[in-house]
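Engineer: Just passing along the structure, written as structure tokens.
Only the coordinates and a few stated rules stand behind these numbers; no lab work does. Just so it is clear, the model here is predicted, and its values are computed rather than measured. So basically every Cβ, Gly included, is an ideal-geometry build from the backbone, and we count neighbours across all protein chains shown.
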Amino acid sequence: MSRTLERFDNLVQMFFTRAAEKGDAPFLWRKAAGTWHPTSWAEAARQVASLATALQALGLRPGDRVMLVCENRPEFCITDLAIMAAGCVTVPTYTTNTERDHQHIIENSGACAIVVSNARLARTLLPAAIRASSARIVIGIDDVNVAQQGSLEFHDWRALIARHDTPPATMAALATFGRDELACIIYTSGTGGSPRGVMQHHGAILHNVAGCCTIISEDFGWEDEIFLSFLPLSHAYEHTGGQYFPVALGGQIYYSEGLEKLASNIEEVRPTLMVVVPRLFEVLRTRITKQVEKQGRFPQYLLEKAVDLGSRRAAGKATLLDKPMDLFLGATLRPKLAKRFGGRIKAMVSGGAPLNPEVGIFFQSLGITFLQGYGQTEAAPVISCNRPKAGLKMDTVGPPLPDVEVRIAADGEILVRGELVMHGYWRNDEETARVLKDGWLHTGDIGLIDDKGRIKITDRKKDIIVNDKGDNVAPQKVEGMLTLQPEIAQAMIAGDKKPYMTAVIVPDTDWTQEWCARSGTRCDFRSLAMDPDYKASVAAAVERVNRDLSVTERVRKFILADGPFTIENEQLTPSLKIRRHVLREAYGARLDALY
């Protein structure tokens, strides 16, 4: 069914409108004791209205920042909407953050209240909250088992809702703020290392959601959509695509039990749309290939034929002679594989990190419609997405969303303008001025626009590493922490499109000489590079750094450099900055071998 999304003033208004329309229909699903349990639209709306009233009763005022530390579960969506309904600003935060990360975000955002889901997450969060100057209220969704309160005021999430029961219509009538009002601050890593707070206004997310609704409506038909939420909701991609997009569609959201149960969750839930990152597709491709290989030579032959046909079709080389095999695959292999995705998937949308075109072609070959998108947190985050009606081409990220202007600067940088662009970085005028010029967002990505209006990314100007799950890692931060260790003189980390960080390390000369003297070892670097005790000593330094890093930032493996990075070997600039492209050429193959 084709339809157009109404124009809303804010996200809260959109939610209460859909809740009034859907009533007792299921909205949010969780799995407990082996069974999926729904929360209806009406019940979710009651909880949102009641929690918003409770936040106001606690003294929170319009514009106050409220930090949200919570896994993907119904309470995340309800809390996020309640914070906004109270006129406040949500600061969603990764559950994998370290104590240091939490403290930076609390202090930088000036969050006066924090909602945390459980005692495990509270153990890392509370020491930071107690030290922070702004935080005064902590709300636990589950029991947070507090041993020390400091000056913090603790409340129970469910008790607050029960104590402030509020009809949804009452709170909906108060949601009169405009599209320019700040909705959330989403922290993303910057080139300097400290996470920057991206200010996303209501209109930016609504603009994104409207564009995505247009794609679904025009290319697939807008019906009763089922989503399986898997990526962290603190990530802009899932926050918009996995939460507010389903709200706009009046869809249902099932919350996955995690990566290890994702495959079974897909078969149980039978989603119509999934928002995922390239790494998941790579894992699924490997799993499917191995399973087909175990079934014998004929199924393996069919898979090879399907991928071969898909590759030629993607290259525009398919002919009428391929039709019989295409029909045969459509009657045999493809239906069986489609069941593994629930049997009713309209499209799987990949974003958050660059995708290898071969992976997209593999799934297209199996009959799974595969769309690759492009975006940044600074653009709420979707800028473009592949569309069947525009012609799918896996080495592009599709045309821009409706009402998004994209142009290519003289140096090849992709510039973006429209309501989706952030208003700036929170309390960071210098960085804001660097990326926002005359209304244009300077993405830091290099690309071109093809003859059909599709964007193709060719390179990145910025140094941020984007792992295969779409998480950003600022290399300067990690490298700076490594080189603070007495054992390490220089370091470069890598991990773009990879599952974890690796590094090239230059051990410190003075420390090396001392180590050799203590151990009675000859100080020949080439020999030392093969010495397991020497490498273990360097590894101990890396592990010390890892203790203060988030899971995504930690260096899992490393190699020792052949020698120091110098100006003479062109691995350093005259200002003593490392030349990443030169180091990648020198060590890329050895780093790749670590995965």
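Engineer: What ranking do 124-130, 555-561, 537-543, 108-114 get when scored by the average of other Cβ atoms within 10 Å per residue, highest first?
Structural biologist: Ranking the peptides 124-130, 555-561, 537-543, 108-114 by packing returns 108-114, 124-130, 555-561, 537-543.
Engineer: How long are the three semi-axes of the equivalent ellipsoid of the range 181-257, in whole Å, if each is the root of 5 times an eigenvalue of the C-alpha gyration tensor, listed from largest down?
Structural biologist: Largest first, the range 181-257 gives 26, 15, 10 Å.
Engineer: When His239, His104 are ordered from fewest to most other Cβ atoms inside 10 Å of their Cβ, what list results?
Structural biologist: His104, His239
Engineer: Shifting gears a bit: Only bridges whose two residues both fall in the range 259-465 count here: according to DSSP, what percent of them are antiparallel, nearest 5?
Structural biologist: Roughly 70 percent of the beta bridges in the range 259-465 run antiparallel, per DSSP.
Engineer: How much length is gained on full extension from Glu293 to Phe525, taking 0.36 nm per residue of separation minus their Cα-Cα distance?
Structural biologist: 78.9 nm
Engineer: Could you give each residue of the range 453-465 its phi-based ³J(HN,Hα) in whole Hz, using Karplus coefficients 6.51, -1.76, 1.60 with θ = phi - 60°, and x for Gly or Pro?
Structural biologist: My calculation for the range 453-465 gives x, 8, 7, 10, 8, 10, 6, 10, 6, 7, 8, 4, 8 Hz in order.
Engineer: On a full-extension model of 0.36 nm per residue, what is the gain between Ala119 and Ala517, subtracting their alpha-carbon distance, rounded to one decimal in nm?
Structural biologist: 138.5 nm
Engineer: Give me Ser217, Ser117, Ser229 ranked fewest to most by other Cβ atoms within 10 Å of their Cβ, as a rough exposure proxy.
Structural biologist: Ser217, Ser117, Ser229
Engineer: If you place +1 on the Cβ of every Lys and Arg, -1 on the Cβ of every Asp and Glu, and leave all else neutral, what size is the dipole of the chain about its Cα centre, to the nearest 20 Debye?
Structural biologist: That gives the chain a dipole magnitude of about 1460 debye.
Engineer: Okay, moving on. Over the range 474-592, calculate the relative contact order: mean separation of alpha carbon pairs under 8 Å at least 6 apart, over the residue count, as a percent.
Structural biologist: Normalised by residue count, the contact order of the range 474-592 is 27 percent.
Engineer: log₁₀ I(q)/I(0) of the chain at q = 0.12 Å⁻¹, via Debye over equal Cα point scatterers, no solvent, to two decimals?
Structural biologist: Computed log10 I(q)/I(0) values: -1.29.
Engineer: Oh, and also: In whole angstrom, how far apart do the alpha carbon centroids of the range 1-70 and the range 538-561 sit?
Structural biologist: Distance between centres, Cα-based: 41 Å.
Engineer: Moving on to the next point. Restricted to Cα positions, what overall size does the range 11-178 have along the principal axes? Three whole-Å values, descending.
Structural biologist: 44, 41, 25
Engineer: Fewest first, what order do Leu280, Leu591, Leu482 take by the number of other Cβ atoms within 10 Å?
Structural biologist: Lowest to highest Cβ neighbour count: Leu280, Leu591, Leu482.
Engineer: How many angstrom separate the Cα center of the range 162-230 from the Cα center of the range 415-440?
Structural biologist: If you average the Cα positions of each part, the centres end up 19 Å apart.
Engineer: Using helices alone, what [θ] at 222 nm do you get for the chain, with -39,500 (n - 2.57) per DSSP H run of 4 or more residues, divided over all residues and rounded to the nearest 500?
Structural biologist: Mean residue ellipticity at 222 nm (helix-derived): -11500 deg cm²/dmol.
Engineer: Now a separate question. Lone cysteines in the chain, defined as no other cysteine's Cβ under 4.7 Å from theirs: which are they?
Structural biologist: For the chain, the answer is Cys70, Cys77, Cys88, Cys112, Cys184, Cys212, Cys213, Cys385, because their Cβ atoms have no other cysteine Cβ under 4.7 Å.
Engineer: What's the extension gain from Arg312 to Ser133 if we count 0.36 nm per residue and subtract their Cα-Cα distance?
Structural biologist: Length difference between fully extended and current span is 58.4 nm.
Engineer: Looking at the P(r) of the range 483-538, how many percent of alpha-carbon pairs lie beyond 12 Å?
Structural biologist: The share of Cα pairs beyond 12 Å in the range 483-538 comes to 69 percent.
Engineer: Let me ask you something else. How much of the DSSP bridge set in the chain is antiparallel, in percent, rounded to the nearest 5?
Structural biologist: 50 percent
Engineer: Amide H neighbours of Ala489 under 5 Å, counting only residues 5+ apart in sequence or on other chains, H built in-plane at 1.01 Å?
Structural biologist: Close amide H contacts, sequence-distant or interchain: Val506, Asp508.
Engineer: May I ask what percent, to the nearest 5, of DSSP beta bridges between residues of the range 490-595 are antiparallel?
Structural biologist: Roughly 55 percent of the DSSP beta bridges within the range 490-595 come out antiparallel.
Engineer: Under a plain spin-label model, where a point goes 7 Å from the Cα along Cα-to-Cβ, how far apart in nm are Arg580 and Asp143?
Structural biologist: Going by the 7 Å Cα→Cβ label model, 4.7 nm.
Engineer: Relative contact order (percent) for the chain, with alpha-carbon contacts under 8 angstrom and 6 or more residues of separation?
Structural biologist: Once divided by the residue count of the chain, the mean separation gives 11 percent.
Engineer: Have a look at Gly34, Ser229, Thr93 and report the one farthest towards the positive end of the charge dipole of the chain, computed about the Cα centre with Cβ charges (Lys/Arg +1, Asp/Glu -1).
Structural biologist: Result: Gly34.
Engineer: Also: Using modelled amide H (1.01 Å from N, peptide plane; none on Pro or chain starts), what sits under 5 Å from the amide H of Gly375, excluding residues fewer than 5 places away?
Structural biologist: Gly352, Ile383
Engineer: Run the quick spin-label model on Leu174 and Lys461: label points 7 Å from Cα toward the beta carbon, then report their separation in nm to one decimal.
Structural biologist: Output for this residue pair reads 4.4 nm.
Engineer: Can you flag which of Lys469/Lys497; Lys294/Lys336; Lys261/Lys497; Lys456/Lys497; Lys346/Lys498; Lys305/Lys389 are past 19 Å Cα-Cα?
Structural biologist: Violating the 19 Å limit, Cα to Cα: Lys261/Lys497; Lys346/Lys498; Lys305/Lys389.
Engineer: Would you please give the FRET efficiency between Glu6 and Lys323, computed as 1/(1 + (r/R0)^6) with r the Cβ-Cβ distance and R0 = 45 Å, to the nearest 0.05?
Structural biologist: Step by step, r from the Cβ atoms, then E = 0.55.
Engineer: Taking the Cβ-Cβ separation of Arg427 and Lys497 as r and a Förster radius of 30 Å, what is the calculated FRET efficiency to the nearest 0.05?
Structural biologist: 0.40
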